[in-house]
1. Would the range 96-114 turn up any residue that is modelled with pLDDT under 95, closer than 30 Å to Ser31 by Cα and not aliphatic (A, V, I, L, M)?
2. Could you check Asp122 against (1) under 24 Å from Arg14 (Cα atoms); (2) surrounded by 15 or more Cβ atoms within 10 Å (Cβ to Cβ); (3) among the charged types (D, E, K, R) and say which number it fails?
3. Give all pairs with beta carbons closer than 9 Å in which a residue from the range 1-25 that is within 15 Å of Ser136 (Cα to Cα) meets a residue that is in a loop (DSSP other than H, G, I, E, B) and at pLDDT below 80; count only pairs at least 6 apart in sequence or on separate chains.
4. Tell me, yes or no, whether the range 49-57 has at least one residue that is buried (at least 16 other Cβ atoms within 10 Å of the Cβ) and in a helix (DSSP H, G or I).
5. Hey, which of the strands (runs of 3 or more DSSP E) in the range 69-152, taking only ones fully inside, have at least 2 residues that are free of Cβ contacts under 8 Å to residues at least 40 places away in the same chain?
6. Name the residue that is modelled with the highest pLDDT, counting only residues in the range 46-78 that are under 15 Å from Ile131 (Cα atoms) and of a type in the set (D, E, K, R).
7. Filter the range 70-108 for residues that are among the small types (Gly, Ala, Ser) and closer than 23 Å to Asp118 by Cα; which is surrounded by the most Cβ atoms within 10 Å (Cβ to Cβ)?
8. Looking at this structure, is Val104 within 13 Å of Gly74 (Cα to Cα) and either among the hydroxyl-bearing types (Ser, Thr, Tyr) or touching a Ser or Thr at 6+ places or on another chain (Cβ under 7 Å) (or both)?
Amino acid sequence: MTSKISVELVKKLREETGAGIMDCKRVLEKSGGKIGKAKEMLKKEGLEKAQKKKEREVKAGYVATYTHSTGRTGAMIELLCETDFVAKNKEFVALGRDLCLQVVALKAKDAKELLKQDFIKDGSLTVAKLIDSMISKFGENIKIGKVTRAEV
């Protein structure tokens, strides 16, 4: 079912999802202008694309750190991606910090354990699903490398 979709609706979906304009317009037309259904369609498409990108080599990245306000615990994570462009992105840097916070709070010992945990800022997501959504958003493979937690 295709229908005339307003620019405002496309803009709203784009702001909420970060998806491309044409992708937003296409899924809104398919969903009959229903934002909820369009979001689900974008999410499904994005996760399928993310699975295909997981085999690509990661050559760039960011070393994220977090120290708890007490100064007695901290974490450092090697967050890897394909290009410097993504490594310098504010959202990518914030992801690294959030993952460090996760390591401090839930005491993940390595990347494998971390990926299995529920994300502390959104219990409806695991860390693995969060990474998949970021792969979809950035269009690049993202992996967690070394994970270090220290406590005094």
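The values are calculated or read from the model by the stated rules, or taken from the named source; none is laboratory data. Just so it is clear, the structure is predicted and the values come from calculations on it, not from any experiment. Reconstructed Cβ throughout: ideal geometry from the backbone, glycine too, with neighbour counts over all protein chains shown.
1. No, there is no match, as no residue in the range 96-114 is modelled with pLDDT under 95, closer than 30 Å to Ser31 by Cα and not aliphatic (A, V, I, L, M).
2. (2)
3. Matching pairs, first to second residue: Arg14/Gly20.
4. Checked against the condition, which is being buried (at least 16 other Cβ atoms within 10 Å of the Cβ) and in a helix (DSSP H, G or I), the range 49-57 yields at least one hit.
5. Per the criteria, 122-126.
6. This residue is Glu78.
7. Ala75
8. In short, yes.
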